[in-house]
Amino acid sequence: MEEKKNQSWERSAGILMPISSLPGPYGIGTLGKEAFAFLDFAREMEYSYWQVLPVGPTGYGDSPYQSFSAFAGNPYFIDLPTLIEEGLLTEEDCEEAYWGTNPMYVDYGALYVGRGEVLHKAYRNSNHKKTKEYKEFCKKNAFWLKDYAVFRAIKDAKNGQSWQEWELPLRTREPKALAKAEKELADEIDYYIFCQFKFNEQWKRVREYAAKKGISIIGDIPLYVAMDSSDVWSNYELFELDELRREINIAGVPPDLFSATGQRWGNPLYRWDVMEKDDFSWWRKRMEISAERYDVIRIDHFIGIVNYYSIPAESETAMVGEWRKGPGEKLTRVINEVVGAGRIIAEDLGIVTQPVVDLMEKNGYPGMKILEFALDCTPGNPYLPHNFKSFNSIAYIGTHDNETLCGTLDAMQEWQINKIREYFNINWQDSIPDTLIRATYRTPLHTAIFQMQDLLHLGNEARMNFPSTLGSNWQWRMEKEEYEKIEVSYYKNLAYLYGRQNKNPIAEEEEQEELTEEVEEKGK
C-alpha cells in the first residue's frame, strides 16, 4: 500500500515531561509558574513539542492511564499559588497541609488528604457560580460534567469504594436513588464542578502561553477507560458488562517485551457494535474535548482499534485470552472528522499486524520507534535506524514505560556495551548516553522526542512506570536546580545541525513584538 504523505509534520524535536514531574511547592507539579518556566526552557532548547501523560484524575495505583474520567482534569494539577493570587487561599492554608518529605517524589497519599482540604477551602471562598465563564463552562461540558461530579461525590461518601460495590440502585443509576444522592451531596457535587472549572481555566492559560512560544502540546489518551470511572458508570451500555454491571471481558495484551506474562489492565472492553449504531457519539465527544485540550493527540494502544486482546474477567493473568477484530477504519474516520489526521500519533508498540500498518498508512498517522528496543544491535531489529523505512514516525529513546537510558545502560554487560559502541561508532572516551541522544536527533524520522530524565542522565530512580506493578510508579519529580545540569547551547546546536529547530513563525513574531515594546518602553 502506498503511504499517505502527512503534510502536518516536518523535522522537529520535543520533550516528554509529565505535569506531575514539574518542580514546585506543595507536593506535585502543577499548571502554575513552573509550567510556564518549563515552556521557556523548551523554547530555548528549540523544541516544538511538549508531550504530557494523560491529565485525568487518578485513582487506585495513581496511574494516569486508569483515570476516574476520560474527560475531566486532575485537581492535583490546579496551581495553589495562583489560587492565593486570586484571593481564594492564603499561604498559611497551603503551608499547614502535609505534602510529603522528598521533593523528588510525589507522595500520593499526602496529596489525597492535603489537596482535598485546601481545594475545599478555595471552593468555599469562591464566587465562581456568579461568573459568565463558569456558566459557559458548565453548559459546554454538560455531556460529562455532572455525571463525573455526582460519581466523585458518591464515591467520597462511600470512603472511595468502587462504584461496582455500591448498593444496586446507585450502581444501576435508578432515578430515585440518584435524585436522593444528588440532593444529599449537592455541595460536594458543586465542589467537584468547581475543581474542573479551575483546572480548565489554568490549562487554557498554559496552552495559550505554549502557542505564543511556538510549542504544540501532545496529549496522551488511553484507548480504554478505567472500570472504576464515571465513564463506565454513566455509559454502562457501551461496555461489556453483565446485568449487575460486572465486567465480562477485560483489556490487556499477551506476553511481550514489557512483561513475560502479558499485561492484565482490567479495563472493560467496548461494545463496538453498540457504539457504531450511533456513529460513535461517545468517541466523538471524547475527541472533541481532547482536540480542545491538546494540539496533537497520541492514542495509547492504537493497535486495539484494529484488533484487541480480550481476557476473561476471571483470569488472573493475561496469558489466557483471544484476539478480536476492532472497529478499524470506522473509528478512524470519526476521529479524523473531529480532530484531523494530522493531529494524531498512533502508539503502535507491541504485536503490530499488517492491518494495523495498513490503517496507519491510509490515515497518515505516525507511529513510534523506540531506540532502547534496538540496543541489542541485532542487524534485523526494526528499531535500529538503518531499518527505518518511513519518514512518518516519531523517534524516542524511551517512553514512560521504559527504563531511563542510563538505567538501561547500567544494567548491561560489557559485551552488550561493546556492541552499542560498535554500531553507533562511539569512541571509548565518548559518553554513550550523549551519543545515543545525538543519534536520535540525527535519525531520518520527522520528529524526535526525549524524556527529561534522559537529558538529565538520571538512572532508574527516576523511572516513571514499571508496567504491571503497583506502589512505586508515577512518582518522579524534577528539582528546579536540575535545569542547570543541561547545557542548553549544546542541544540548541544539535537542533540546528540536524534541522530540528523550532521553526514556528508566530512565536518569532511574538518575540519580535515583545522586543520592540521593550525598546520603545526604554526609549520613553
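The values are calculated or read from the model by the stated rules, or taken from the named source; none is laboratory data. For clarity, every value in this text was computed on a predicted model and none was experimentally measured. FYI the Cβ positions are ideal-geometry reconstructions off the backbone, even for glycines, and counts take in every protein chain you see.
Key figures
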| quantity | calculated |
| --- | --- |
| Tally, over segment 111-142, of residues that are assigned to a loop (DSSP other than H, G, I, E, B) and crowded, with 17+ Cβ neighbours inside 10 Å | 2 |
| Within segment 457-472, considering residues that are in a loop (DSSP other than H, G, I, E, B), modelled with pLDDT of 95 or more and of a type in the set (A, V, I, L, M), the one nearest to residue 60 (Cα to Cα) | 464 |
| Filter pass, residue 276 being in contact (Cβ under 8 Å) with a residue 24 or more places away in the chain, touching a Lys or Arg at 6+ places or on another chain (Cβ under 7 Å), farther than 21 Å from residue 348 by Cβ and not in a loop (DSSP other than H, G, I, E, B) | yes |
| Flag if residue 233 is in a helix (DSSP H, G or I) and not charged (D, E, K, R) | yes |
| Scan of segment 279-309 for residues that are part of a loop (DSSP other than H, G, I, E, B) and over 21 Å from the mean Cα position of the chain (by Cα), ordered by number | 279, 280 |
| Verdict on residue 66 being within 24 Å of residue 292 (Cα to Cα), surrounded by fewer than 23 Cβ atoms within 10 Å (Cβ to Cβ) and within 14 Å of the chain's Cα centre (by Cα) | yes |
| For residue 260: the one exception among (1) in contact (Cβ under 8 Å) with a residue 40 or more places away in the chain; (2) under 26 Å from residue 399 (Cβ atoms) | (1) |
| Candidate set: segment 473-524, residues that are over 30 Å from residue 26 (Cα atoms) and in contact with a Gly (Cβ under 7 Å, 6 or more places away or on another chain); chosen: the one modelled with the lowest pLDDT | 507 |
| Filter pass, residue 245 being at positive phi, charged (D, E, K, R), more than 19 Å from the chain's Cα centre (by Cα) and surrounded by 15 or more Cβ atoms within 10 Å (Cβ to Cβ) | yes |
| Residue among 142, 97, 122 that is aliphatic (A, V, I, L, M) and without any contact (Cβ under 8 Å) to a residue 40 or more places away in the chain | 142 |
| Flag if residue 88 is of a type outside the set (S, T, N, Q), touching a helix residue (DSSP H, G or I) at 6+ places or on another chain (Cβ under 8 Å) and assigned to a loop (DSSP other than H, G, I, E, B) | yes |
| Top-ranked residue of segment 376-399 - restricted to ones that are touching a helix residue (DSSP H, G or I) at 6+ places or on another chain (Cβ under 6 Å) and touching a residue at least 40 places away in the same chain (Cβ under 8 Å), ranked as surrounded by the most Cβ atoms within 10 Å (Cβ to Cβ) | 397 |
| Subset tally (residues that are within 25 Å of residue 119 (Cβ to Cβ), in contact with a strand residue (DSSP E or B) (Cβ under 9 Å, 6 or more places away or on another chain) and either outside any helix (DSSP H, G or I) or hydrophobic (A, V, I, L, M, F, W, C) (or both)) for segment 189-221 | 6 |
| Every pair of residues 6+ apart whose Cβ atoms lie under 8 Å, when the first sits in segment 184-196 and is closer than 14 Å to residue 135 by Cβ while the second is among the charged types (D, E, K, R) | 190/129; 193/146 |
| Residue check for residue 436: buried (at least 19 other Cβ atoms within 10 Å of the Cβ) and in contact (Cβ under 8 Å) with a residue 60 or more places away in the chain | yes |
| Candidates 480, 503, filtered to the one that is touching a strand residue (DSSP E or B) at 6+ places or on another chain (Cβ under 9 Å) and surrounded by fewer than 16 Cβ atoms within 10 Å (Cβ to Cβ) | 503 |
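Yes/no per residue for (1) without any contact (Cβ under 8 Å) to a residue 40 or more places away in the chain; (2) among the basic types (Lys, Arg); (3) more than 30 Å from residue 246 (Cβ to Cβ):
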| residue | (1), (2), (3) |
| --- | --- |
| 175 | yes, no, no |
| 180 | yes, yes, no |
| 211 | no, no, yes |
| 215 | no, no, yes |
| 218 | no, no, yes |
| 221 | no, no, no |
